[in-house]
Amino acid sequence: MFRWGVLSTAKIGLEQVVPSICDSQNGVLTAVASRDAERARTFADRFGAPHAFGSYDAMLASDTIDGVYIPLPTSQHIEWSIKAAEAGKHVLCEKPLALTAADIEPLVAARDRAGVLVSEAFMVVYHPQWHKVRDLIANGAIGTLRQVDAVFSYYNVDPENMRNRPELGGGVIPDIGVYPTVTTRFATGAEPERIHAVVDYDPDFGIDRYASVRADYGAFEQTFYLSTQLANRQHMAFHGDKGWIELTAPFNSNLYEGDEVRLHSPGHDRTEVFRFTGVKQYRLQVEAFARAVSGEGSLFTLEESILNQRVLDAVFASGKSGQWENV
């Protein structure tokens, strides 16, 4: 059993990842660390973890864990991922891993020096619906892919929320712009060549709150928009000359209409539905991580993280220049 330590008591860990660790078949929650020892103990007791630490460094120095899950604010991801790797711990770090692609390079070096696994926590790539989409496209189910469309939005105007605080790495592009990008790259195996974007900033928070993006992949184009100040919506579609694919819950599993991949015929006279019920993508993620530590299967790599972050870097650059920017 892979012995997990959780570095902080953040909401995403509390609600999604830690319950998934406890529910997994090959991992166990062993320790929790917080800058507040009492908070760490309360969190650990809630999930039956035997060890609680009042500092992150103390947990990293402990031999009670094999690796860590890091759900800290984005601005602290690289710092603590490097520290964990240097302590000989495997690392699963919440997305977005960094704020620029260049920031990831020191972590790659730390990973290689320590000989540990480090992976950005993109739960979507472990969900079978995305493997189905990838297979359908590869097998010609929609013919030649020409267009990908996506939307991801939610409404959050809480000034204390980290997503609205630029010093913590907040903003819509780092928070959810990663998803249309990573899933398109995963499903198609292609990389965008250039980006054109319009980005709107909140005058009070100072963070990017809306982005409209065009990504030129050469053989096809992707368009998507994002917002932290629009009504909740998620949708994604892949359009070819012989049909099109849509996903009803592309990013947050088991929301809205449930997890379905719908394959539509060219004339809209036939729809084949692939339904994925009861999928726990966060559990699939932590189980895949533990297997990879044992030498089985594969993970989302830091090299993939760099490629994905380069796209987001180009989105920010285009938003400032108003021009097409190379990835």
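Look at where the Cα atoms of the stretch 276-327 and of the stretch 60-77 average out, and the two centres are 19 Å apart. Taking all Cα pairs closer than 8 Å and separated by 6 or more residues, the relative contact order of the stretch 81-225 comes to 21 percent.
Summing charges over neighbours of S20, with a neighbour being any other residue whose Cβ is under 12 Å away from its Cβ, gives -1 when K and R count +1 and D and E count -1. Considering only V198, V124, V133, the Gaussian network model of the chain with Cα springs below 10 Å gives its largest mean-square fluctuation to V198. The string of couplings for the stretch 284-290 from the Karplus curve (6.51, -1.76, 1.60, θ = phi - 60°) is 4, 5, 5, 5, 5, 5, 5 Hz, one whole number per residue in order, with x for Gly and Pro. Calculated mean residue ellipticity, 222 nm, the chain: -9000 deg cm²/dmol, from DSSP H runs (n ≥ 4) at -39500 (n - 2.57) each, averaged per residue and rounded to 500. Only one residue of G48, A101, S62 has its Cα farthest out toward the positive end of the dipole of the stretch 2-121, where Lys and Arg carry +1 and Asp and Glu -1 on Cβ, and that residue is G48. When each of I70, I104, I306 is scored by the number of other beta-carbon atoms lying within 10 Å, the sequence from fewest to most is I306, I104, I70. Here is the tail figure for the chain: Cα pairs spaced more than 29 Å apart come to 38 percent of all pairs.
Does the stretch 177-318 come out rounded, prolate or oblate, given a ≥ b ≥ c as the square roots of the eigenvalues of its C-alpha gyration tensor, rounded meaning a/c under 1.5 and, failing that, prolate meaning a/b above b/c? Rounded, because the longest to shortest axis ratio a/c is under 1.5.
Look at W4, W80, W324, W130 and count the other Cβ atoms within 10 Å of each Cβ; fewest to most, that gives W324, W80, W130, W4. Using only the C-alpha atoms, the convex hull of the stretch 223-274 corresponds to 92 Å³ per residue.
Springs between Cα atoms under 10 Å define the GNM used for the chain, and in it the highest mean-square fluctuation of G258, G54, G189 occurs at G189.
Evaluated with a Cβ-only charge set (Lys, Arg +1; Asp, Glu -1), the chain carries a dipole of roughly 460 debye about its Cα centre, given to the nearest 20.
Each reported figure results from applying straightforward, stated rules to the coordinates on display, with no laboratory input. Predicted model, so just to flag it, every value in this text is computed and none were measured. Positions of Cβ are generated from backbone atoms using ideal geometry, with glycine treated the same way; all protein chains shown enter the neighbour counts.
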